[in-house]
Amino acid sequence: MSERPVLLAIESSCDETAAAVVRDDYTVVSSVISSQIALHAKWGGVVPAIASRQHVIAMNGVIKEAVETSGFSPEDFAAVAVTIGPGLPGSLAAGISAAKALALAWQKPFVAVNHLEGHMFSAELDGGQIEFPAVYLLVSGGHCMIIYAPERGKYKLLGSTRDDSVGEAYDKVARELGFEYPGGPVIDKLSLQGTDTYQFPRPMMNVGYDFSFSGLKSAVRREIEKGDIIKENIATSFVVAAMDLLTTKLMKAVREYHPRSVLVVGGVSKSPILRQMLTGSAFKDIHVIFPSLKYSTDNAAMIGAAGWWQFKEHGPSPIDLPMMSGLSLPLAE
Ligand code: KG4
Ligand code: ZN
């Protein structure tokens, strides 16, 4: 068994209560995720008050399971890392309180991690190798960004969404079609059965790196409101338009910045269609790196990897650091 040090990581920024034990080479010893999806499904999205309540209920059990299955004891941990933001305030508070309490009780360093950086480390877990400079497409329920990183920890935001994230658009289209939250997986599956008969618009497709998904979403809604629709074709036409926007901008960044690694991370990176498009003929000379499916959506292992890097690079965080629900990426000048 490797003797490399381990830390405990906790994540609770949205609707997954998660804890993981991760080594300093980003190998995952244990990773436990308690999903609240069933509680939010009928509401069509995450209900913040339900989410924070459920984190409080699940948190201790999730941490206990991650620690016990890792085989390590509190004295073995080099630090306790946690997502400090961005996210829902009530959700973040549950994980931060638990992490601070453990760090104090165990007398271990406390490490506050940016959730977005967590996603950016997700493809490096369990042996994933990347090189810099890198270009990231971060596509999740809360974010849609293209980031250029000339080196580890230095970020230039090339573009982000001006309205909805792509995950949000998926979820809203799913709701219009009468499906429960989260819509991503349902719409993806349905889209494999249809054809692109609706040819939805691709707003801002050839304008810079920013995204806009609200126009696409409204076009889908208008079509649904007309009635007499073929759900499969709506799903296919929406997915093809959304993916076209994502892949076009990613390709533009690759051509302009010539990165050594191209990464696609965040919940929407689970999409088989997106993975297929980014490994297809248009991208044949570019090796696009994805996290393994279990680390695409929110998890604590990615927070552990980002936490290790941050701890080694910048040391521990102050224990009285407040929650930062609106945190963005630390950008280089
Ligand atoms: O990264 P994530 O777990 O949470 C945030 O940080 O926001 O992403 C959740 C998002 C949801 O909007 C969900 O609909 C979407 O990821 N998603 C998918 C798939 N699985 C989850 N989108 C497209 N295809 C999927 N298979
Ligand atoms: Zn996330």
Checking Thr17 against (1) of a type outside the set (A, V, I, L, M); (2) assigned to a helix (DSSP H, G or I); (3) buried (at least 21 other Cβ atoms within 10 Å of the Cβ), the condition it does not meet:
(2)
Within segment 113-168, considering residues that are of a type in the set (Val, Ile, Thr) and touching a Gly at 6+ places or on another chain (Cβ under 6 Å), the one surrounded by the fewest Cβ atoms within 10 Å (Cβ to Cβ):
Ile146
Of everything in segment 92-148 that's of a type in the set (Ser, Thr, Tyr) and modelled with pLDDT of 95 or more, which residue is farthest from Ser271 (Cα to Cα)?
Ser97
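Going through segment 1-14 one residue at a time, which ones are crowded, with 21+ Cβ neighbours inside 10 Å and away from ligand 1 (no atom under 13 Å from the Cβ)?
Of all residues in segment 1-14, those crowded, with 21+ Cβ neighbours inside 10 Å come to 6-14.
Matches in segment 1-14: Val6, Leu7, Leu8, Ala9, Ile10.
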Sole miss for Val62 among (1) surrounded by fewer than 21 Cβ atoms within 10 Å (Cβ to Cβ); (2) in a helix (DSSP H, G or I) is condition (1)
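Identify the residue in segment 272-289 that is of a type in the set (Gly, Ala, Ser) and in a helix (DSSP H, G or I) and, among all such residues, is surrounded by the most Cβ atoms within 10 Å (Cβ to Cβ). Let's see the steps before the verdict.
Going through segment 272-289, the residues of a type in the set (Gly, Ala, Ser) turn out to be 280-282.
From the residues that got through so far, the ones that are in a helix (DSSP H, G or I) too are 281-282.
Details: Ser281: 7, Ala282: 12.
Ranking the candidates gives Ala282 first.
Going residue by residue through segment 293-311, is there one that turns out to be without any contact (Cβ under 8 Å) to a residue 24 or more places away in the chain, outside any loop (DSSP other than H, G, I, E, B) and either among the hydroxyl-bearing types (Ser, Thr, Tyr) or surrounded by fewer than 24 Cβ atoms within 10 Å (Cβ to Cβ) (or both)?
The first filter runs over segment 293-311 and keeps only residues without any contact (Cβ under 8 Å) to a residue 24 or more places away in the chain, leaving 293.
Okay, now just the ones that are also outside any loop (DSSP other than H, G, I, E, B), so 293.
Filter again for either among the hydroxyl-bearing types (Ser, Thr, Tyr) or surrounded by fewer than 24 Cβ atoms within 10 Å (Cβ to Cβ) (or both), leaving 293.
Yes, there is a match, as at least one residue in segment 293-311 is without any contact (Cβ under 8 Å) to a residue 24 or more places away in the chain, outside any loop (DSSP other than H, G, I, E, B) and either among the hydroxyl-bearing types (Ser, Thr, Tyr) or surrounded by fewer than 24 Cβ atoms within 10 Å (Cβ to Cβ) (or both).
If you take the residues in segment 252-292 that are small (Gly, Ala, Ser) and either within 16 Å of ligand 2 (Cβ to nearest atom) or in contact (Cβ under 8 Å) with a residue 60 or more places away in the chain (or both), which one is nearest to Phe238 (Cα to Cα)? Break it down into steps so the answer makes sense when it comes.
Step one: of segment 252-292, the residues small (Gly, Ala, Ser) are 253, 261, 266-267, 269, 271, 280-282, 292.
With either within 16 Å of ligand 2 (Cβ to nearest atom) or in contact (Cβ under 8 Å) with a residue 60 or more places away in the chain (or both) added as a condition, the list becomes 253, 261, 266-267, 269, 271, 292.
On the way: Ala253: 23, Ser261: 28, Gly266: 19, Gly267: 17, Ser269: 16, Ser271: 13, Ser292: 25 Å.
Checked segment 252-292; the qualifying residue nearest to Phe238 (Cα to Cα) is Ser271.
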Going through segment 12-22 in order, the residues found to be over 30 Å from Glu176 (Cβ atoms) and among the acidic types (Asp, Glu) are none
Which numbered condition Val239 fails, given (1) under 14 Å from Val135 (Cβ atoms); (2) away from ligand 2 (no atom under 16 Å from the Cβ)
(1)
Does segment 111-121 contain at least one residue that is away from ligand 1 (no atom under 16 Å from the Cβ) and touching an Asp or Glu at 6+ places or on another chain (Cβ under 9 Å)?
no
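Looking at segment 23-53, which of its residues are in a helix (DSSP H, G or I) and more than 23 Å from Phe179 (Cα to Cα)?
In the first step, residues of segment 23-53 are kept if they are in a helix (DSSP H, G or I); the result is 37-43, 48-53.
Listed by number, the residues that qualify are Ser52, Arg53.
The values are calculated or read from the model by the stated rules, or taken from the named source; none is laboratory data. The structure presented is a predicted model; accordingly, all values stated were derived computationally and were not measured. Reconstructed Cβ throughout: ideal geometry from the backbone, glycine too, with neighbour counts over all protein chains shown.
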